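Peer 1: Encoded as structure tokens, here's the structure I'll be asking about.
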Amino acid sequence: MALVAEIRLWHQKYAAAREDAALLAHLVDQSLTQCRRTLEILEVRLAELGYPVTSLILEPETDQELRIARVEAVTQREVPIVLKLLWRTLGGISFIDVDDYSHCEFWGRLGIEGAHGFCDGVYVDACSQEWLDYTLEDFEACQSDNAVSEFLYSFAPDGYHKDDISGGDPYGLRGEGWLAEVVFFSWSGKRVPESAPAYPLDLLGYLRTSILECGGFPGLLGHPKFEPIREKLVAGLPLF
């Protein structure tokens, strides 16, 4: 329970700094640096299990600043600042194989399946050309439907699409600040994480609980065969 209590304390730090932009910026920067260390440790632990995704960190894209400027110019909306800093610090995050879905076969061999049929492995898009193209197409579709007010920046496919199952809306961010709200996401495991922050859920809050308590796979939380794996994955991870 100590880990859960510590994660909750980090959530509370962010909540307490809600009205202090400078402090929030400092906390986010500190958290993303620690998050990189955490992901590097998890890469090793997952490799020891024979997990097929070898790198959890998608390194920063070469032309990402040009892409950010382009998408903001077209949409006239700032990309949430927390997402921009994540791109600049980490690049992106991927606990899943979005090309061949080999992670699905891995969990299947172990007899582990999510409560809704997917693992919902943590994923945050890098600022790639693919992300830019998708985002501009999405914005143009909103324009065509006279629904520009409904446009949101997405950062990940939903849990179904992550496991190559037809699903719903991608996970997105509402707002431009450090605590932009994660939308279209819900905890999908057999139980809700004990450290799950209260809604509205911000991006770092989502990552903190999903990685530090759920081992990167919130959709598998509560499965009896996943529990011993999860405990080994999260043991002694750096907090962020």
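Peer 1: Which of the residues spanning the stretch 75-103 are β-branched (Val, Ile, Thr) and out of contact with any Leu (no Cβ under 7 Å at 6 or more places or on another chain)?
Peer 2: 75, 79, 81, 96, 98
Peer 1: Test each condition in (1) among the small types (Gly, Ala, Ser); (2) out of contact with any Asp or Glu (no Cβ under 8 Å at 6 or more places or on another chain); (3) surrounded by 16 or more Cβ atoms within 10 Å (Cβ to Cβ) for residue 154 and report the one that comes out false.
Peer 2: Failing condition for residue 154: (2).
Peer 1: Let me ask something else about it. Kindly provide the set of residues from the stretch 31-54 that are open to solvent by 50 Å² or more (accessible area, probe 1.4 Å) and hydroxyl-bearing (Ser, Thr, Tyr), ordered by number.
Peer 2: Scanning the stretch 31-54 gives 33, 54.
Peer 1: Examine the stretch 179-194 for a residue that is open to solvent by 60 Å² or more (accessible area, probe 1.4 Å), modelled with pLDDT under 95 and in a loop (DSSP other than H, G, I, E, B), and state whether such a residue exists.
Peer 2: no
Peer 1: Any residue at all in the stretch 112-130 that's in a helix (DSSP H, G or I) and open to solvent by 50 Å² or more (accessible area, probe 1.4 Å)?
Peer 2: Yes, because at least one residue in the stretch 112-130 is in a helix (DSSP H, G or I) and open to solvent by 50 Å² or more (accessible area, probe 1.4 Å).
Peer 1: In the list 61, 65, 19, which residue meets the criterion of being modelled with pLDDT under 95 and within 21 Å of the chain's Cα centre (by Cα)?
Peer 2: Residue meeting the stated conditions: 61.
Peer 1: When you go through (1) under 21 Å from residue 217 (Cα atoms); (2) hydrophobic (A, V, I, L, M, F, W, C); (3) touching a helix residue (DSSP H, G or I) at 6+ places or on another chain (Cβ under 9 Å); (4) open to solvent by 10 Å² or more (accessible area, probe 1.4 Å) one by one for residue 74, which number turns out not to apply?
Peer 2: With (1) under 21 Å from residue 217 (Cα atoms); (2) hydrophobic (A, V, I, L, M, F, W, C); (3) touching a helix residue (DSSP H, G or I) at 6+ places or on another chain (Cβ under 9 Å); (4) open to solvent by 10 Å² or more (accessible area, probe 1.4 Å) applied to residue 74, the lone miss is (1).
The values are calculated or read from the model by the stated rules, or taken from the named source; none is laboratory data. What you see is a predicted model, and the numbers here were worked out from it, not measured in a lab. When we count neighbours, we look across all protein chains shown, and the Cβ atoms used for this are built from the backbone with ideal geometry, even at glycine. Ligands, DNA and RNA are excluded from the accessible area calculation, which covers all protein heavy atoms including side chains. Shrake-Rupley method; radii C 1.70, N 1.55, O 1.52, S 1.80 Å.
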